[in-house]
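The block underneath contains the structure these notes are about, expressed in structure tokens.
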Amino acid sequence: MKSIKRVDGWLLVIVLISIFLHFYNIGNAGSNVYYTAAAKSMTANWKAFFFAALDPEGFITVDKPPVALWFQALSVAIFGVSDWSVLLPEALAGVGSTLLIYFIVKPFAGKAAARWASLIFVCTPIFVAVARTNNIDAILIFTLLVAAWALMKAIWKQRLSWLLASFALLGLGFNMKMLQAYMVLPAFYLFYWLAGKGAWKQRLWHLTAATAVVLAVSLSYAVIADMMPKDKRPYIGSSQTNSVLELALGYNGIDRLTGAAGPGGKRGMRGDNEFQDRNGQMNHSADPSSYSSLSNPSEGALYSRPNLNGEWPVGEFRTGGGQPPGGMGGIGRGETGQPGVFRLFQQQLAGQISWLLPFVLFTAVGLFASIRRQRAITPLHRFLLFWFAWLVPMAVFFSVAGFYHRYYLSMMAPAIAVLVAVGSELLWQFYKEQNGFWRWLFPGALLMTFLFESYVVFQQRSSLSTIWPLSLVLYGLAVFCFLIAFRQQKKVVHYLKIASLLGLLVMPFYWSLTPLLYGGNSSIPYAGPDLKRPDAYGQRAFGGREEREVTSDLLAYLEKHYNGEKYLAATMRANTAAELMLKTDKAVMAMGGFLGTDPVLTTEQLAKMTRNGEVKYFLISGFGRGGEGNSELIQWIETHCQEVPQAEWQTNAETVKSWDEQEDEMPPMERSIKLYEYKG
């Protein structure tokens, strides 16, 4: 009888921790309504499914390609629409990524390093935060890790098929979040060039073939969508020319680097005099002076939202209030700090991903020293170089980019986990075997990392007692001194090593627990002790009022007066439409896409739709006249439609009066909503 391989007990413990962090109470964690509504709509028909349409009629798509959302839609089709069903694929991807890291690291660095890599990855706060939402980064990271695993297989087995499969998976990642998936490409090229066998001409040919594969898979959806007649498919949401390729290079690409997709960028204010309608025809009549620079620059409401049973996440704050200290709840540049060399160490980002970056720097020094000592690049060296090539481009981008959200930093989590775990083994060898300078690398890495962690915790002194940073400093100094004093006692220093690495993970693990303990932001997730502060969600900020707008009274009024129109109602921004569609089975038209500024319709097209009885009610909110972009559409609605008195669709007269009385005192985006009816 064949012997059964022993189960790695420590790996099992790590996986159980991962399951707890990613699955605990996810049914009450809330979800990003933008993607939840799309997942629901995608179950209505194949057209909506293929294009990831926001609405079941296929008027407009979400701002991402469809592949990751296919998993959420399938989950909804099986389990029904709920926060739990749309979060399930992300949670599974989180646990799967934990296992993948173990199996990727083990052949190169051994079982111990593989365990540490998985454990460190599990304790990455921003990855835990994003994997507990239906933002699609967890599925993307899982896909990229599968691609990395296939790349390693290509090296071990020396088969071109594994290399092509690896790059095909990168192309699949492109069809999840576009150019974000390509951030790992330098690592894949470098690793195969260094580790691949055969002559350089053969490796060049293999990489050329792999490049063709990744481009073919990446562009497959864009080519299909862009070649279809524009009136036969949904408008490509968040694009300015109704093109998937333009979406990839613009809003989901260069505009992130330049900041054009963020607050005050061109996505919030169209600066030219022309745009294309949803059929690709140019409209030259737009007056840029009528556009407001205010727009929703986020990828969802800044408020978390109640789950689909109406229950709020633990610690949720539902009303207005002040902004958290240090801009922790801010958006755009306030959310991610000031661009520069030390951006990743600023308060907004350090606690999300940067805890162990000092140790990574010491690993880089140790790698250089090891290559120099051995006068050769070993398989382990190549493996470490792969993860440095994964990490460095991301660190550069996130240090200088004009606009992104904190949860994008989760892309760095696998590389940091592997570099610290494998690097600790490398530095440990120097500590045990070397004299002179190099033996100080491991104790020095620990001490500097503990000092940095104490600084990160001190940055959150408004939410945590100052005893914690002091404890980290003392613990780091004690570990450093003991490692020097007991260097010759192998058993003692072995346990000191374990205690020191576990000590490094105490605060990151606590940070990772905060979305579970205090409730998280389901649209723009982050982790940290400030989540327990009541004002962590109390911002009067962009996109946070859909729950207030889409009241049961409004929905009841619209459904009562529904006479079989194609759309129950039309809104400017997608989040308002999404909230409506999650409370009814009817389609709602988001005329301006996610930001409210997509050039989807001309006034002529809107007039034709109303005459044909496709839409009768219009919900205009937030900015006042013309403030949502697409001012000509708003002007047409105000001119050709009749405003419905709020008393008819809002029974709480005191609330209506309160909103109207406060309108002039509130920020533009918080002003009351208006309902218009087209009567022909």
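Listed here are the residues, each with its yes/no results for (1) modelled with pLDDT under 95; (2) among the basic types (Lys, Arg); (3) touching a Phe, Trp or Tyr at 6+ places or on another chain (Cβ under 7 Å); (4) outside any loop (DSSP other than H, G, I, E, B).
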{"residue": "226", "(1), (2), (3), (4)": "no, no, no, yes"}
{"residue": "246", "(1), (2), (3), (4)": "no, no, no, yes"}
{"residue": "251", "(1), (2), (3), (4)": "yes, no, no, yes"}
{"residue": "254", "(1), (2), (3), (4)": "yes, no, no, yes"}
{"residue": "261", "(1), (2), (3), (4)": "yes, no, yes, no"}
{"residue": "266", "(1), (2), (3), (4)": "yes, yes, no, no"}
{"residue": "270", "(1), (2), (3), (4)": "yes, yes, yes, no"}
**Request:** For region 363-379, name all the residues that are open to solvent by 50 Å² or more (accessible area, probe 1.4 Å) and either part of a helix (DSSP H, G or I) or not hydrophobic (A, V, I, L, M, F, W, C) (or both).
**Result:** 365, 368, 372, 373, 374, 375, 379
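Could you identify the single residue in 104, 126 that is out of contact with any Ser or Thr (no Cβ under 9 Å at 6 or more places or on another chain), assigned to a helix (DSSP H, G or I) and either open to solvent by less than 10 Å² (accessible area, probe 1.4 Å) or at pLDDT 95 or above (or both)?
Exactly one residue qualifies, and that residue is 104.
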**Request:** Could you list, in sequence order, all residues of region 24-53 that are in a helix (DSSP H, G or I) and either touching a strand residue (DSSP E or B) at 6+ places or on another chain (Cβ under 8 Å) or surrounded by fewer than 19 Cβ atoms within 10 Å (Cβ to Cβ) (or both)?
**Result:** 27, 28, 38, 41, 42, 46, 47, 50, 51
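Assess whether residue 343 counts as being among the charged types (D, E, K, R), at pLDDT 95 or above and within 25 Å of residue 595 (Cα to Cα).
It is false that residue 343 is among the charged types (D, E, K, R), at pLDDT 95 or above and within 25 Å of residue 595 (Cα to Cα).
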**Prompt:** Quick one: is residue 627 modelled with pLDDT of 95 or more, among the small types (Gly, Ala, Ser) and not in a helix (DSSP H, G or I)?
**Reply:** no
**Item:** Among (1) closer than 29 Å to residue 469 by Cα; (2) modelled with pLDDT of 90 or more; (3) in a loop (DSSP other than H, G, I, E, B), the one test that residue 520 misses
**Value:** (2)
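Please work out if residue 39 is in contact (Cβ under 8 Å) with a residue 40 or more places away in the chain and not aromatic (Phe, Trp, Tyr).
yes
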**Complete:** Selection from region 217-246 of residues under 23 Å from the mean Cα position of the chain (by Cα), farther than 16 Å from residue 602 by Cα and open to solvent by 40 Å² or more (accessible area, probe 1.4 Å) yields 217, 219, 245, 246
**Residue list for region 177-203, filter: touching a Leu at 6+ places or on another chain (Cβ under 8 Å) and among the basic types (Lys, Arg)** = 177
**Message:** I'm trying to understand the selection: among the residues of region 362-382, which are in contact (Cβ under 8 Å) with a residue 60 or more places away in the chain and aliphatic (A, V, I, L, M)?
**Reply:** 365, 369, 377, 380
**Item:** Within region 630-663, considering residues that are out of contact with any strand residue (DSSP E or B) (no Cβ under 8 Å at 6 or more places or on another chain) and assigned to a loop (DSSP other than H, G, I, E, B), the one modelled with the highest pLDDT
**Value:** 645
**Prompt:** When you go through 388, 398 one by one, which is the residue that is open to solvent by 10 Å² or more (accessible area, probe 1.4 Å) and among the hydrophobic types (A, V, I, L, M, F, W, C)?
**Reply:** 388
**Complete:** Residue hits (region 59-83; closer than 23 Å to residue 230 by Cβ and over 16 Å from the mean Cα position of the chain (by Cα)) are 59, 60, 61, 70
**Prompt:** Are any of the residues in region 133-144 open to solvent by 30 Å² or more (accessible area, probe 1.4 Å) and charged (D, E, K, R)?
**Reply:** no
**Request:** Scan region 165-184 residue by residue and report those that are more than 22 Å from residue 255 (Cα to Cα) and open to solvent by less than 20 Å² (accessible area, probe 1.4 Å).
**Result:** 166, 167
**Item:** Per-region count, region 488-517, residues open to solvent by less than 40 Å² (accessible area, probe 1.4 Å) and not in a helix (DSSP H, G or I)
**Value:** 1
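This table checks each residue for (1) open to solvent by less than 10 Å² (accessible area, probe 1.4 Å); (2) of a type outside the set (S, T, N, Q); (3) touching a residue at least 12 places away in the same chain (Cβ under 8 Å).
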| position | (1), (2), (3) |
| --- | --- |
| 551 | no, no, yes |
| 558 | yes, yes, yes |
| 561 | no, yes, yes |
| 590 | yes, yes, yes |
| 601 | yes, yes, yes |
| 608 | no, yes, no |
| 614 | no, yes, yes |
**Prompt:** Under 8 Å by Cβ, and 6 or more places apart or on different chains, what pairs join a residue from region 122-149 that is without any contact (Cβ under 8 Å) to a residue 40 or more places away in the chain with one that is part of a loop (DSSP other than H, G, I, E, B) and buried (at least 24 other Cβ atoms within 10 Å of the Cβ)?
**Reply:** none
**Prompt:** Only one of (1) without any contact (Cβ under 8 Å) to a residue 24 or more places away in the chain; (2) within 30 Å of residue 91 (Cα to Cα) fails for residue 495. Which number is that?
**Reply:** (2)
**Message:** What's the number of the only condition in (1) in a loop (DSSP other than H, G, I, E, B); (2) open to solvent by less than 10 Å² (accessible area, probe 1.4 Å) that residue 463 fails to meet?
**Reply:** (2)
**Message:** Yes or no: region 78-101 includes at least one residue that is open to solvent by 10 Å² or more (accessible area, probe 1.4 Å), part of a helix (DSSP H, G or I) and small (Gly, Ala, Ser).
**Reply:** yes
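The values are calculated or read from the model by the stated rules, or taken from the named source; none is laboratory data. As the structure is a computational prediction, the values presented were derived from the model and not from experiment. So basically every Cβ, Gly included, is an ideal-geometry build from the backbone, and we count neighbours across all protein chains shown. Remember, those area values only see protein heavy atoms, side chains included, never the ligands or the DNA or RNA. Shrake-Rupley method; radii C 1.70, N 1.55, O 1.52, S 1.80 Å.
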